[in-house]
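The values are calculated or read from the model by the stated rules, or taken from the named source; none is laboratory data. Given the structure is predicted, the values throughout are model-derived calculations rather than measurements. Here Cβ is always computed from backbone atoms with ideal geometry, including for glycine, and neighbour counts include all displayed protein chains.
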Amino acid sequence: MPLPRLLVLSLGGTITMTGSGPGGIQPKLGAADLVATVPALAGIAEIEARSPFRVGSSSLSIENVATVAGEIRAGFNEGFDAAIVIQGTDTIEETAFALDLLVDDERPVVVIGAMRGAEAPGADGPANLYAAALVATSAEARGLGTLVVLNDEIHAARFVRKAHTALTSTFVSPFLGPLGLVVEGRARFLVRVAPTPKLALPADAALPPVALLKFAMGDDGRLARALPALGFKGAVLEGMGAGHVPGTVAELAGELAAAMPVVLASRTLGGPVFTRTYGYPGSEIDLVSRGLIPAGFLQGPKARLLLTFALAAGLDSAGVGQAFAPYQ
Ligand code: ASP
C-alpha cells in the first residue's frame, strides 16, 4: 500500500522561530526543516514540504491565507490526500476558519503551530506536527473540513480560539471541547460537526476592507461613525453580552447598516448572538430591526472573515444574511 501523500505548507510562527538574546526569536525555519525534526513522519506519509511565508502570524493577511487556500486546492487537484498548514498560533483560528470556508474538499486540512520556539526546552512543535500528520491521514478526519491540532487535541475551525498567551493548552473550543484527541499514535474522534458551507470566490477577487469594532462601556460611537469615510465596505460590531451596544449608539449603528453590511457579534466567550429577547435601545432586537445581521455562534474575527469573503463573492446584504444563517 503506498503511503498517503501529504502537502505541508509552512507560513512561519513560533514553531519556526530560533534565536537567543535580547533580539528575540524570529521565524527562520521552513517546512522541510520542521519535517526533518520528526523522523516518524516518514512512516506515516509521503510528504512534500513548501514554505510560502515565513512571518509572525500577526503579519499574515487575508490575501495570504486565500493564496494558501488556492495552493491547497491545487495540491488536491494534483492528488495530495491531505494538507497541513503550519503557522503562528496568534491567528490560527482565523486561518483555519478561512481555509474551512475556501477549501471545498472532503480531504482533511489541519492547521498547527507551537507555543514554544524550535530551540526551547520541551519544544511542542515536533509533537504537534506528528499529531497533525496522524489526524490528516486518518479516514475519520475526512469530511470534517479544516481542523486545528495542538496539545494532542483536535478542534473544529469554526469553534476554536486561542485562550492563553503562554500555555501549550492554549487552544479551546469554549463550552464544546475538542472534537477528538490523538492518543497512542491514533486520532480518535468523539464528535463530528456538520460541514461548514463553502464560499467560492471569483478568481483574483479583491478582498474588501471590513472593520471589526469591539464595544466597551461608555463607547460613544465615534469609531463606528468614522468607518464609511475610512473606506470600509463592511463592519462587524462585537457587542456586549448577547449582542448589545449603548442605547446612544443604536441609531448610528442603523445608519451604518444602511451604508454597508454590518454584522452583530458578541464579545463574550461563547453562545449565539440573540435575536428576540431584549427590547431596549441598543439591544439585539433593536439592532436587528435596524438592519444589523446577527453573527450567530461566530466570534468577531471569524465573522469578519465570512463577511469579507461574502462581499468578495459579490453578495449583497440579503446574501450576506444568508451566508450567516447556518451559524445561527
Ligand atoms: N507570535 C507567534 C505567532 O503567532 C506566536 C506563536 O506562533 O505561537 O507567530
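Would you confirm whether any residue within the stretch 3-19 is of a type in the set (Lys, Arg), more than 21 Å from the chain's Cα centre (by Cα) and within 19 Å of Leu134 (Cβ to Cβ)?
Looking for residues that are of a type in the set (Lys, Arg), more than 21 Å from the chain's Cα centre (by Cα) and within 19 Å of Leu134 (Cβ to Cβ), one finds at least one in the stretch 3-19, hence yes.
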- Does any residue of the stretch 36-58 turn out to be modelled with pLDDT of 95 or more, under 20 Å from the mean Cα position of the chain (by Cα) and of a type in the set (Phe, Trp, Tyr)? yes
- Of all the residues that make up the stretch 283-328, how many are out of contact with any Phe, Trp or Tyr (no Cβ under 9 Å at 6 or more places or on another chain) and at positive phi? 2
- Task: Give just the number: which of (1) on the phi < 0 side of the Ramachandran plot; (2) out of contact with any Lys or Arg (no Cβ under 6 Å at 6 or more places or on another chain) does Asp152 not satisfy?
- Result: (1)
- What number of residues within the stretch 283-296 satisfy the criterion of being more than 12 Å from Val263 (Cα to Cα) and either surrounded by 20 or more Cβ atoms within 10 Å (Cβ to Cβ) or touching a Ser or Thr at 6+ places or on another chain (Cβ under 8 Å) (or both)? 3
- Query: Here are some conditions: (1) closer than 27 Å to Ser61 by Cβ; (2) within 12 Å of the ligand (Cβ to nearest atom). Glu71 meets all but one. Which one does it not meet?
  - Reply: (2)
- Task: Out of Arg276, Arg304, Arg225, report the one residue that is among the charged types (D, E, K, R) and without any contact (Cβ under 8 Å) to a residue 12 or more places away in the chain.
- Result: Arg276
- Query: Wholly within the stretch 1-93, which strands (runs of 3 or more DSSP E) include no fewer than the required count, namely at least 2 residues that are crowded, with 23+ Cβ neighbours inside 10 Å?
  - Reply: 5-10, 82-86
- Query: Hey, any hits in the stretch 72-88 for a residue that's under 11 Å from the mean Cα position of the chain (by Cα) and more than 15 Å from Ala157 (Cβ to Cβ)?
  - Reply: no
- Message: Restricting to the stretch 122-148, and then to whatever is within 16 Å of the ligand (Cβ to nearest atom) and not in a helix (DSSP H, G or I), can you tell me which residue is surrounded by the most Cβ atoms within 10 Å (Cβ to Cβ)?
- Response: Val148
- Note on the structure: Of the residues in the stretch 186-221, those that are part of a strand (DSSP E or B), of a type in the set (A, V, I, L, M, F, W, C) and within 30 Å of Glu140 (Cβ to Cβ) number 2
- Item | Verdict on Ala216 being surrounded by fewer than 14 Cβ atoms within 10 Å (Cβ to Cβ) and out of contact with any helix residue (DSSP H, G or I) (no Cβ under 8 Å at 6 or more places or on another chain) | yes
- Query: So which residues in the stretch 94-121 are β-branched (Val, Ile, Thr) and either part of a strand (DSSP E or B) or within 16 Å of the ligand (Cβ to nearest atom) (or both)?
  - Reply: Thr95, Val109, Val110, Val111, Ile112
- the stretch 149-163: number of residues that are more than 21 Å from Ala303 (Cα to Cα) and part of a loop (DSSP other than H, G, I, E, B): 2
